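Worksheet: one structure, shown below.
The values are calculated or read from the model by the stated rules, or taken from the named source; none is laboratory data. No experiment lies behind these values; they were computed from the predicted model shown. Neighbour counts run over all protein chains shown; Cβ positions are idealised from the backbone, glycine included. The area values use the complete protein model at the heavy-atom level, side chains included, leaving out ligands, DNA and RNA. Shrake-Rupley method; radii C 1.70, N 1.55, O 1.52, S 1.80 Å.
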Amino acid sequence: VTKRHREMARYKKVKPRRPDYYLRPEEVRAWIEWLKVRKNPVYFQLAAFLMLTGARIGEACGMKWEEVDLENRVARVVRVVAWDQRNKHPRLEERAKTDGSVRVLFLPPTLVSLLREMREGAHEEASGTGLVFSSREGALLKYNAVQAAFNAGFKALGLPWRSTHICRHTYATMAM
């Protein structure tokens, strides 16, 4: 490489990703257990689903029971919940994030058992919407509430603040 080539190819220095942008297995177990004993089980259920499938938060919150096939241990991603940036209100969108985001998620046996329990014990209000993950009234989950519940667990366990996307990063890291 000549001096001229070096001058032409100036690359912007990029900070490396934080080496801890995933949770370690022991942190996942402690966090999930912490969420499990809280008053509202939906945050534990949602966290377990995200950790075991690698789904995005909007994909999980937009999933309906009609896309979940417990016998074949799969769930289809076909819609998302999007949260308005100004007022934070959730809205269900009958589309995936991208064309490539429409896909089938494979459900491990532990998750199939959890989903069976959830479907059998679903609130009447929640079962009317068909949503897998919803508020006690059956409404779409608010992102702020999910983030607050997840971070309360991180804080209680002495872990740094993380976005809900940490579940997707952790799934991918464990898969590698």
Within region 147-166, identify whether any single residue is of a type outside the set (A, V, I, L, M, F, W, C), exposed (fewer than 12 other Cβ atoms within 10 Å of the Cβ) and touching a residue at least 60 places away in the same chain (Cβ under 8 Å), and answer yes or no. yes
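Residues are listed down the side, and each one gets a yes or a no for (1) modelled with pLDDT under 95; (2) in contact with an Asp or Glu (Cβ under 9 Å, 6 or more places away or on another chain):
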position: GLU125; (1), (2): yes, yes
position: THR129; (1), (2): yes, no
position: ARG136; (1), (2): yes, yes
position: ASN151; (1), (2): no, no
position: HIS165; (1), (2): yes, no
Test for GLU66: is it acidic (Asp, Glu) and at pLDDT 95 or above: yes
Among the listed residues GLY130, GLY138, which satisfies the condition of being in contact (Cβ under 8 Å) with a residue 40 or more places away in the chain, open to solvent by less than 50 Å² (accessible area, probe 1.4 Å) and at positive phi? GLY130
